[in-house]
Amino acid sequence: LWRDPSGGVQLAEVPTSDAWVGHKVSRLQEETGVRVAFITRLGEAILPTSQTVLQEGDLVHVMMRTDEVGQVEAAFSDGPEEGHR
């Protein structure tokens, strides 16, 4: 596993699977290890709380470690772990 020696972080919009729709931001953060910085919903930026529920069409912008981009993108694409809601 390669680690960025600078320990850098980046802000990025990560494509999110429809499987995350209906789940809380807190679950997304717990399962992926990212911090949701903001969500663009219907063209407006919102600052989510841990109780904010993801809706269809949301654009999720996250802070993440630069060396974990691939893992984060995969988790966002795969959807939440089975058996939890």
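The values are calculated or read from the model by the stated rules, or taken from the named source; none is laboratory data. It should be emphasised that the depicted structure is a prediction, and the values quoted were computed from it without experimental measurement. Counting neighbours? That spans all protein chains shown, and the Cβs are built from the backbone with ideal geometry, glycine included. Quick note on the areas: whole protein, heavy atoms, side chains included, nothing else; ligands and nucleic acids left out. Shrake-Rupley method; radii C 1.70, N 1.55, O 1.52, S 1.80 Å.
Annotations
- Ranked by how many other beta carbons lie within 10 Å on average, peptides 35-45, 54-64 from highest: 54-64, 35-45
- Derived scalar couplings between HN and Hα for the stretch 64-71 equal 8, 5, 5, 8, 10, 4, x, 5 Hz in order, rounded to whole Hz, by the Karplus curve 6.51 cos²θ - 1.76 cosθ + 1.60 (θ = phi - 60°), x for Gly and Pro.
- Carbon/sulfur fraction of accessible area - the stretch 24-85, other protein chains in place, 1.4 Å, %: 49 percent
- Kirkwood radius for the chain, taken over all pairs of different Cα atoms as the inverse mean of 1/r, rounds to 13.1 Å.
- Three-way shape label, the stretch 34-75, alpha-carbon gyration tensor, a/c 1.5: prolate
- Relative contact order %, the stretch 25-83, counting alpha carbon pairs below 8 Å whose residues are six or more apart: 39 percent
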